[in-house]
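What follows is a single structure, written as structure tokens, with notes after it.
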Amino acid sequence: MHRDPRPGLLAAALALLLLAAPTASASEGGIVLWPDPPMLVVMMVLFVLLLVPLNALLFRPLLRTLDLRIERTLGTRERAGKLAASADEILARYEQAVSDVRAEAEQARRSELASARSQTSARTAQARAEAEQEIERARREVAAALADARTRQRVAVEPLAREAASRVLGRVVS
């Protein structure tokens, strides 16, 4: 494997500059806001030189990781949205199926109720007709028995009436 010697060289240069840098002090005549120009040029060159390896070693991988994280988050949100839409669709189908089954059950219940009512009505009408026939038969029997009783009574009363009339009149009544 081939190794790039520049990061090691860059690290050595940075260490040398840090060792050579003068210490900052506010007691030497005030605060210095601008460093001396040769040091500023060296620091700018070091910054540019450090920018390339930092870009390759830190910034690109970090940004790539952040981009992947954003993509995964967006993908997960998109999948969650699709799953929610699918769940809503399934729930709507389920509710429609339940509603359809309830309507069918209600229709079947009404049909059975109507059938039971018609059967009850038919049985009631048949029982009423049979009862009326029985009442009519009983009336005929009672009328026949009454007529028979009247006939028997006339037959039994007639001799008694003759005898009573014969006693009252004192003679034989025919």
Inset, instruction - Filter the stretch 11-46 down to residues that are surrounded by 11 or more Cβ atoms within 10 Å (Cβ to Cβ), at pLDDT below 85 and of a type in the set (Val, Ile, Thr), then give me how many there are. - result: 1
Legend entry - Any chance Leu49 is within 30 Å of Ala13 (Cβ to Cβ), in contact with a Leu (Cβ under 6 Å, 6 or more places away or on another chain) and modelled with pLDDT under 95: yes
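The values are calculated or read from the model by the stated rules, or taken from the named source; none is laboratory data. From a predicted model like this one, the values you see are computed outputs, not experimental measurements. No Cβ is skipped: glycine too gets one built from the backbone with ideal geometry, and neighbour counts run over all protein chains shown.
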